[in-house]
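Visitor: Take this structure, written in C-alpha cells, and hold onto it; I'll ask about it next.
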Amino acid sequence: MNRRLASLLVLLGVLLGASAAFLVPSVVWAQTSRTRAAPPKEAPPPPPAPPPAPAYEYTFVKREGPDEDLAELQRLGAEGWRVVSTVVVDGSTRRYVLMRDRRAEPAPRGP
C-alpha cells in the first residue's frame, strides 16, 4: 500500500468519526432524552411510628383472711389485675399491691 492511499484512508476515518454525531443525531438524542425523561424514583415511605410506652394503673387491697383474699383476688384477676407485691403498713396491716394495663377512657355518648 502506498503512502498516498494510506493517508486518504486515515483522513476518511477521521472525517467519518468527526461527522458521526451529525450523521445520526436522532439516535444520540433518543438515547440522551430517554435518560432525562425517566420518572423520578418515589421516596420510600417513612418508618412506622414507635408504639406508645405502656401505661399502668395500680390499686391496693387490704388483706382480710385467706378465704376472703382468695375470692377478692380471683375477682380482680378476672378484671385484668395482677398482684405485684405485698406491703406491711404499721407493722400489722398488710396489703396487696395490684397492677394492670391502663385502659382507655370510654368515649362519651352523644344524645
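Visitor: Can you put Val10, Val84, Val89, Val97 in order of accessible area, largest first, using a 1.4 Å probe?
Guide: On the way: Val10 100, Val84 75, Val89 45, Val97 20 Å².
Output order, biggest surface exposure first: Val10, Val84, Val89, Val97.
Visitor: In nm, give the distance between the simple-model label positions of Val87 and Lys62, each being 7 Å from the Cα along the Cα-to-Cβ direction.
Guide: Between Val87 and Lys62, the label points sit 1.4 nm apart.
Visitor: For Glu57, what accessible surface area do you get with a 1.4 Å probe? Give it in Å², rounded to 10.
Guide: Its heavy atoms expose roughly 50 Å² to the probe.
Visitor: Still on this structure, please answer the following. Once fully extended, how much extra length lies between Ala49 and Arg3, figured as 0.36 nm per residue of separation less the alpha-carbon to alpha-carbon distance? Intermediate values should be presented prior to the final figure.
Guide: Values: separation 46, 0.36 × 46 = 16.56 nm, distance 7.81 nm.
Full extension of this stretch gives 8.8 nm more.
The values are calculated or read from the model by the stated rules, or taken from the named source; none is laboratory data. Quick caveat: nothing in here was measured; it's all calculated off a predicted structure. A quick note on method: Cβ atoms are made from the backbone with ideal geometry, for glycine too, and the neighbour counts reach across all protein chains shown. Note: accessible area is taken over every heavy atom of the protein model, side chains too, but ligands, DNA and RNA are not part of it. Shrake-Rupley method; radii C 1.70, N 1.55, O 1.52, S 1.80 Å.
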